[in-house]
Amino acid sequence: MTSRSPHVDHELVQAAADVARTRCRGDNHTMAAARARDGRILTAVNAYHFTGGPCAELVLIGAAAAQGVYELDTVVAVGDRDRGVVPPCGRCRQVMLDYFPALKVIVGEGDRMRTVPVTDLLPESYVWADHQLDAEQG
């Protein structure tokens with residue numbers, strides 16, 4: 001059974017939507033916004049290119065680290081052209097789980113929007129940190 005939180009951080013969703021509406025031109029973009037544990041909201045835009053490129057969630061993790069933010073509470077991605085909340089891809093789910101195992105992710109749309117733990121997005125997941133050798137075992 002999936003753990004759901006009735007609370008959706010609508011301010012966070014709006015922050016990502018505002019970036020989508022005001023900063024994106026042309027190609028297919030997604031914007032991510034995260035609330036840091038200290039309450040700050042950070043935003044980022046994906047680096048879209050036809051050959052691929054990092055998703056907005058991955059750009060956001062790097063931007064957060066560049067600002068000294070290493071603890072994120074909640075994340076959401078929103079698409080440009082009023083596409084609404086966009087669920088994270090598999091790679092982003094895995095990276096978010098590895099960096100922030102207690103992270104909450106906003107998914108769904110409209111009245112079905114909800115907040116779920118990142119672990120619910122990757123059931124039976126591989127947690128990278130659980131498989132690393134202890135530094136003392138050399």
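The values are calculated or read from the model by the stated rules, or taken from the named source; none is laboratory data. As the structure is a computational prediction, the values presented were derived from the model and not from experiment. Positions of Cβ are backbone-derived with ideal geometry, glycine not excepted, and every protein chain shown enters the neighbour counts. Calculation scope for accessible area: heavy atoms of the full protein, side chains included, ligands and nucleic acids excluded. Shrake-Rupley method; radii C 1.70, N 1.55, O 1.52, S 1.80 Å.
Remarks
- Residue list for segment 43-74, restricted to those being under 11 Å from the mean Cα position of the chain (by Cα) and either of a type outside the set (G, A, S) or over 21 Å from T119 (Cα atoms) (or both): T43, A44, C55, E57, L58, V59, L60, I61, L72, D73, T74
- Boolean, D130 is of a type outside the set (A, V, I, L, M), without any contact (Cβ under 8 Å) to a residue 60 or more places away in the chain, in contact with a strand residue (DSSP E or B) (Cβ under 8 Å, 6 or more places away or on another chain) and surrounded by fewer than 18 Cβ atoms within 10 Å (Cβ to Cβ): no
- Subset of segment 83-121 (residues that are touching a residue at least 60 places away in the same chain (Cβ under 8 Å) and of a type in the set (D, E)): D120
- Scan of segment 27-74 for residues that are in a loop (DSSP other than H, G, I, E, B) and at pLDDT 85 or above, ordered by number: R37, D38, G39, R40, N46, P54, C55, Q67, G68, V69, Y70, E71
- Matching option when the condition is within 18 Å of E11 (Cα to Cα) and open to solvent by 50 Å² or more (accessible area, probe 1.4 Å), among I106, I41: I41
- From A77, A15, residue being touching an Asp or Glu at 6+ places or on another chain (Cβ under 8 Å), buried (at least 20 other Cβ atoms within 10 Å of the Cβ) and at pLDDT below 95: A77
- Scanning segment 80-90 for residues being surrounded by fewer than 19 Cβ atoms within 10 Å (Cβ to Cβ) and either among the aromatic types (F, W, Y) or part of a strand (DSSP E or B) (or both) gives a total of 1.
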